[in-house]
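Visitor: Dropping a structure here in structure tokens format, bear with me for questions.
Values quoted throughout were computed directly from the atomic coordinates according to the rules given, and no laboratory measurement underlies them. Computed from a predicted model, the values in this text were never measured in an experiment. In this analysis, Cβ positions are derived from the backbone assuming ideal geometry, glycine residues included, and neighbour counts consider all displayed protein chains.
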Amino acid sequence: MSPKIAAERVKSTTAADASSTAAVRAAHLMPLPGPMFAKPIQIVEGKMQFLYDENGKEYLDGFAGVATVSIGHSHPHFVAKLKAQIDKLQHNPPLYLHPSVGAFAKRLADKAKTVNSDMELCFFTNSGPEANEMATFIAKTYTPTDYAYRFDGTPEQSTKAALRGLEMTLKSSTSGKLAGFFAETIMGVGGSITPGKAYFGEAVELVHKHGGLFICDEVQAGVGRTGDHYFGIKHWGAVPDILVMAKGLANGYPIGAVITTRAIADSMKGLLHYNTFGGGPMAMAAASAVMDVVENENLAENARKVGDRLLSGLRKLQQKFEQVGDVRGMGLMVGVEIVKDKKSRDFAPDLAMKIVESMKDQGVLVGKGGMEGNTVRIKPPLCWTNQDADRTVAAFEQALKG
């Protein structure tokens, strides 16, 4: 869609400008974190990897609705599947059978068998936090132990240091028994921190030694985002006991999923846990459509190829600019750490935000995160092209030049 056509379409469907929308929001929504940017933008339409504001300005989406729009905005197959389902039935609680939930659960469990051949059963929620809570509940019921540990590694931690920290926590803060060990394969909001190749194998061995389960958080890294594999953990070869998914699983439609083995799931027998909206027909249609597209369009492979090009370009900037402290990640899950200079490595969150603002002004949308708020996050739809990667690197370089 050209900017001219987009502008004509957008102007015919919306009347309010961004400032008016912001005023209404401020008047009626609680004062919690909301729109970013000093001057918020208003997005009213999207097509694949592009977004459009109310004036028809086109933006290259490099953040995918916070690593959520996996196959692209308004992908034709996705739209068709949702329209077909809503014409028939938009909601069905777990009280009644519907063919879609079992059918998709089987497809998802079959995918999960690539990382643990015993994966068999699913539970659906509406979001990642709900799925994480459910995974914790399952682990505490199965073990049965109350303590769960979440990996929160920092860029300075080596694999040995991170493992030593885990072991010390188990010895000093628990009875020696553990319910579960939570870990993202690549940290999302935490700044794309990528554990060393040996980390997960040794960590899981230690966790199992203390009676715990490995709960692998694939909320952001799953659905092919890290390249080549549907699940990020496949790159490490570690075997999860429970998988947690959300975000890109349904391309922005609310969903969460927990996948585990029958032996672990059987510990829930006789307990009451109910989710009115989990596994609804619309969510299942959305997730099924996403899986179709990821498979048919080889998006996991594309994420690796385009991600390699993006990382290569960003690492050239790291060599060129003192403010680029680190470039990390895998596939299309990338983080660029911004520092005052390479010698001090002092965090520079204000500069990181200036870079994000500058890239927005250039028509490229990226995010910000990290433990210190100094990591520029690039997590686009998986339909990105090499041209999109090059455009992003060029915009990043221009932002660094000021």
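Visitor: Under a plain spin-label model, where a point goes 7 Å from the Cα along Cα-to-Cβ, how far apart in nm are Met371 and Ser117?
Guide: Going by the 7 Å Cα→Cβ label model, 3.8 nm.
Visitor: Here's another thing I want to ask about it. How would you rank 341-352, 56-67, highest first, on the average number of other Cβ atoms within 10 Å across their residues?
Guide: Highest to lowest by the protection proxy: 56-67, 341-352.
Visitor: While we're looking at this one, here's another question. What's the extension gain from Ser172 to Ile41 if we count 0.36 nm per residue and subtract their Cα-Cα distance? Write down the numbers at each step before the final one.
Guide: Details: separation 131, 0.36 × 131 = 47.16 nm, distance 4.81 nm.
Stretched fully, the Ser172-Ile41 segment lengthens by 42.4 nm.
Visitor: So for each of 80-87, 325-332, 365-372, 94-101 I average, over its residues, the number of other beta carbons within 10 Å; can you give me the resulting order with the highest mean first?
Guide: On the way: 80-87: 14.2, 325-332: 24.2, 365-372: 20.8, 94-101: 12.4.
By packing density, highest mean first, the sequence is 325-332, 365-372, 80-87, 94-101.
Visitor: For the chain, what is the calculated [θ] at 222 nm in deg cm²/dmol (nearest 500), taking -39500 (n - 2.57) for each run of four or more DSSP H residues and dividing by its residue count?
Guide: Numbers: 13 runs with 163 residues, N = 402.
Theoretical 222 nm ellipticity from helices: -12500 deg cm²/dmol.
Visitor: Mind scanning Lys88/Lys379; Lys113/Lys305; Lys197/Lys379; Lys140/Lys171; Lys379/Lys401; Lys39/Lys379 and naming the pairs with a C-alpha gap bigger than 28 Å? Don't jump to the answer; show the numbers that get you there.
Guide: Numbers: Lys88/Lys379 34 Å; Lys113/Lys305 25 Å; Lys197/Lys379 22 Å; Lys140/Lys171 19 Å; Lys379/Lys401 23 Å; Lys39/Lys379 22 Å.
The answer is Lys88/Lys379.
Visitor: OK, next. Could you tell me the center-to-center distance, by alpha carbons, between the range 79-124 and the range 260-287 in angstrom?
Guide: Between the Cα centre of the range 79-124 and that of the range 260-287, the gap is 10 Å.
Visitor: Same structure again: Of the DSSP beta bridges with both residues in the chain, give the percent that are antiparallel, rounding to the nearest 5.
Guide: Bridges in the chain that DSSP calls antiparallel: roughly 70 percent.
Visitor: Next question, about the same structure. Which of the peptides 113-119, 134-140, 222-228, 24-30 is most tightly packed, and how do the rest follow, going by the mean number of other Cβ atoms within 10 Å of each residue? Spell out each step's value before the answer.
Guide: Values: 113-119: 16.4, 134-140: 22.7, 222-228: 27.0, 24-30: 8.6.
Ranked by mean Cβ neighbours within 10 Å, highest first: 222-228, 134-140, 113-119, 24-30.
Visitor: Something else: If R₀ is 60 angstrom, what is the calculated FRET efficiency for the pair Lys269 and Gln398, using the beta carbon separation as r and rounding to 0.05?
Guide: Working: r = 59 Å, r/R0 = 0.98.
It comes out at approximately 0.55.
Visitor: Run the numbers for Gln387 and Ala161: contour at 0.36 nm per residue of separation, minus the present Cα-Cα distance, in nm.
Guide: 77.5 nm
Visitor: I've got another one for you. Once fully extended, how much extra length lies between Val66 and His91, figured as 0.36 nm per residue of separation less the alpha-carbon to alpha-carbon distance? Mind showing how you got there, number by number?
Guide: Numbers: separation 25, 0.36 × 25 = 9.00 nm, distance 2.61 nm.
So the extension gain works out to 6.4 nm.
Visitor: While we're looking at this one, here's another question. Mark the label point 7 Å from the Cα of Ala80 along Cα→Cβ and return the residues of the range 275-295 whose backbone N is within less than 17 Å of it.
Guide: Inside the label zone: 285-295.
Visitor: Under 15 Å from a point 7 Å along the Cα-to-Cβ line of Glu133: which residues of the range 248-265 have their amide N that close?
Guide: Flagged as within label range: 255-258.
Visitor: Determine, from the Cβ-Cβ distance of Gln318 and Lys197 and an R0 of 25 Å, the FRET efficiency 1/(1 + (r/R0)^6), rounded to the nearest 0.05.
Guide: Result of the calculation: an efficiency of 0.75.
Visitor: What distance in nm lies between label points placed 7 Å from Cα along the C-beta direction at Asp17 and Arg345?
Guide: Between Asp17 and Arg345, the simple spin-label model gives 4.7 nm.
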